[in-house]
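Quick notes on the structure that follows.
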Amino acid sequence: MAGSIALRTKRASAYRPIASTGESLLTRTILITIALATLALFLVLPLVLIFTEALKQGLGAYFAAFTTPDARSAIRLTLITALIAVPLNTVFGVAAAWAIARFEFKGKSILITLIDLPFTVSPVIAGLLFVILFGTRGWLGPWLQEHDIRIIFAVPGIIIATLFVTFPFVARELIPLMQAQGSEEELAALTLGASGFQTFWRVTLPNIKWGLIYGIILTNARAMGEFGAVSVVSGHIRGQTNTMPLHIEVLYNDYQTSASFAVASLLAFLAVLTLVVKSIVEWKNARSHAQAAREAEQGDHQ
Amino acid sequence: MSIEVRNISKTFGSFKALDNVSLTVKAGELVALLGPSGSGKTTLLRIIAGLEQADPGSGEILLNDEDVADRHVSARGVGFVFQHYALFRHMSVFENVAFGLRVKRRRERPSKAFIRQKVHDLLKLVQLDGLAGRYPHQLSGGQRQRVALARALAVEPRVLLLDEPFGALDAKVRKELRSWLRRLHDELHITSVFVTHDQDEALEVADQVVVMNRGKIEQVGTPDEVFHQPATEFVMHFLGDVNTFHGRVNQGMVQFSELELPFPENRQQIVGDARVFVRPYDVTIDTKTNGLPALEAKVVRVHSAGPLVRVELLTKANQYLTSEISQERFATMNIRPESTVYVRPRHIRVFAGREG
């Protein structure tokens, strides 16, 4: 929902308290102070701390933390995992949201509950679940061993665990949005002769674009940052199955505090970057909209 | 292109939205589906368009004598205007109208210049030239409705279907748009069906009115026919105000409320209990008896603000009824509340039965 809330506030006029409906100066000061203090303590301070700790031993040590083979491997693995999990869950999420918002079928409420499952189950338990399923002593273990396929303590396990944990983001973002928009525009496209694919590409997708981008950003952030589930299935093999969050833990446990914070700062940086990208995309879209309107208007006057 | 609906039924769960409905629309006609909400009119429209499936095995839809049961919506050549317009909100007016042309297969797709010309011609037709660059949220309700119409017309549909086309508009815009739609139809002659719950709209705009109730068609006829010769009690009630009496039919005469009148022309052979209907403008008022059979009544209220004067009356048998008389006649009579008057139904319609 966050995506659509962001859009809504943009349209609404700015709220200015007026004397007759506003609170007294004292109440306002206290409430605003509490809000700002909470924000500073829980959001800004940790971010600042990460970077100060990371840079404590100078820039040289900071960059050295990324160039060790283990660090490089962890960064590569994290990127690969995100690169696979995000597109797959984008497709799954859109398909699930579309099925739920557009069709009535038996078992729909069960499907909705299932989509929420990764949110309600602790990530550690999700990890264990895959160990029980794919581990050497798991249900499918013997068969996998026979065919020489490694899932647990290997990259496939990490990707599967990440897929599981990040499954709900896109679908959860899109279902309320698509339900609110209804299917009339799509039906209109069909009556105008559009094929199913054209309808999806030209009508459905542009309408859910913002919700979708927001869902993808959340999926990506979680895919890169997931610790619990991945920790269980990875086996912590340095240079092979450690993702960035796992690598950070390893460094921290080895008393390499500033190195661990350096890698942590990279993760935090990626998080901030995704937010910046989101803002840029939103701003660009608003601008192109305005420009298209202007151009068309000029075309009319010719 | 003609439309033929044969024995179509549609059930939603346990609700019967359409019950064995058959209907023929001749090529070039403008037809209104008129009925209260839940009468099945929108369902029928959506089934013709292919947006809804009729119950399996229930009947068929023929467009130009061709069964279209297996035709996808996009291949039926049907233009559909949605009640809430369903404009593509992320596209400008121009892009909305051009959509149907741009999604055509490459072989059939017209050139960019052609599309541009066609869209501007259509926008001129719906009197929106100059607004091509606007987005739907920048338009008024009436403008959106006209964009939706232009968009539907762009692909040159063989049939135009409109779902409550003026339902979401305010009264004044509504009146303007409906006479405009009639003129547009006279210009284009495209077979059109529109759904409405407003009898004025149906009577004013349509060539043929199809009155629907509870999933069935009550009557099909010209506006004159359905208004002056309603086939059923429902049609009588739905198309305008009416006074109702309980009476008995006996030897070519109908008796009700101390009156006995000759039986009017009526298709049904009625004997025994009957219900008698009189339109308010068919109730004449006199201040004196003049020998003709009449009911004595007391004036309860007079509403004289309007083209006609509405007089509410209470008969001796304690029944309320309404009369509508011209301002001129009212001026000559000098009636006011508590006056005693003599009331005579000029024209009655009789249907069998005790309760409707």
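Annotations
- Rh (Kirkwood; distinct C-alpha pairs) - the stretch A:98-232, Å: 17.1
- In order along the stretch B:30-45, phi translates into HN-Hα couplings of 10, 10, 9, 9, 10, x, x, 5, x, 7, x, 5, 5, 4, 4, 4 Hz, rounded to whole numbers, per the Karplus curve 6.51 cos²θ - 1.76 cosθ + 1.60 with θ = phi - 60° and x for Gly and Pro.
- DSSP beta bridge pairing in chain B, given as percent antiparallel to the nearest 5: 75
- With every protein chain in place, chain A: carbon and sulfur % of accessible area (1.4 Å): 69
- For the stretch A:148-271: accessible area per residue (Å², 1.4 Å): 38
- On Cα atoms only, tilt of B:93-102 relative to the major axis of chain B in degrees: 70
- Here, chain B yields an orientationally averaged convex hull projection of 22.4 nm² when only Cα atoms define the hull.
- Karplus 3J(HN,Hα) series, Hz, for the stretch B:321-332 with 6.51 cos²θ - 1.76 cosθ + 1.60 (x for Gly, Pro): 8, 10, 10, 10, 10, 6, 4, 5, 5, 4, 5, 7
- Beta-bridge orientation, the stretch B:138-276: approximately 80 percent antiparallel, per DSSP, counting only bridges with both partners inside.
- Using the Karplus relation 6.51 cos²θ - 1.76 cosθ + 1.60 with θ = phi - 60°, the per-residue 3J(HN,Hα) values for the stretch B:279-284 come to 6, x, 6, 9, 9, 8 Hz, with x marking Gly and Pro.
- Loop trypsin sites (Lys or Arg not before Pro), the stretch B:288-356 (other Cβ atoms within 10 Å of the site Cβ: 13 or fewer; DSSP): B:288, B:316, B:346, B:354
- Rounded to the nearest 0.05, the FRET efficiency derived from the C-beta distance between residue A:114 and residue B:214 at R0 = 41 Å is 0.50.
- Inter-chain shielding of A:179-191 (mean C-beta neighbours from other protein chains, 10 Å cut-off): 6
- Per-pair calculated FRET efficiency, R0 = 56 Å: residue B:336 and residue A:31 via Cβ, rounded to 0.05: 0.25
- Two-site FRET efficiency, residue B:260 against residue B:284, from Cβ-Cβ distance with R₀ of 25 Å, rounded to 0.05: 0.90
- Cα convex hull volume per residue for the stretch B:1-157 (Å³): 141
- Dividing the Cα radius of gyration of the stretch A:220-280 by 2.2 N^0.38 Å, with N the residue count, gives 1.20.
- Interface burial for A against B (accessible surface, 1.4 Å probe, total of both chains, Å², rounded to 100): 2400
- Cα-Cα separations in the protein assembly as shown greater than 41 Å, expressed as whole percent: 53
- For q = 0.06, 0.10, 0.14, 0.17 Å⁻¹, Debye-computed log10 I/I(0) when each Cα of chain A counts as one equal scatterer: -0.29, -0.77, -1.20, -1.38
- Estimated D of the stretch B:114-272 in µm² per second, where Rh is the Kirkwood radius over Cα pairs and Stokes-Einstein applies at 25 °C, 0.890 mPa s: 130
- Peptides B:36-45, A:272-281 ranked from most to least packed, by the mean per-residue count of other Cβ atoms within 10 Å: B:36-45, A:272-281.
- Of the chymotrypsin sites (Phe, Trp or Tyr not before Pro) found in the stretch A:127-198, the ones in coil according to DSSP and having at most 13 other Cβ atoms within 10 Å of their Cβ are A:139.
- Heavy atoms of the protein chains alone define the surface here; on that basis chain B has 47 Å² accessible area per residue at 1.4 Å probe size.
The values are calculated or read from the model by the stated rules, or taken from the named source; none is laboratory data. Just so we're clear, the structure is a prediction, and the values are computed from it rather than from any experiment. Because the Cβ atoms are built from the backbone with ideal geometry, glycine has one as well, and the counts that use them run over all protein chains shown. For the accessible areas, the whole protein counts, side chains as well, though only heavy atoms, and no ligand, DNA or RNA atoms are used. Shrake-Rupley method; radii C 1.70, N 1.55, O 1.52, S 1.80 Å.
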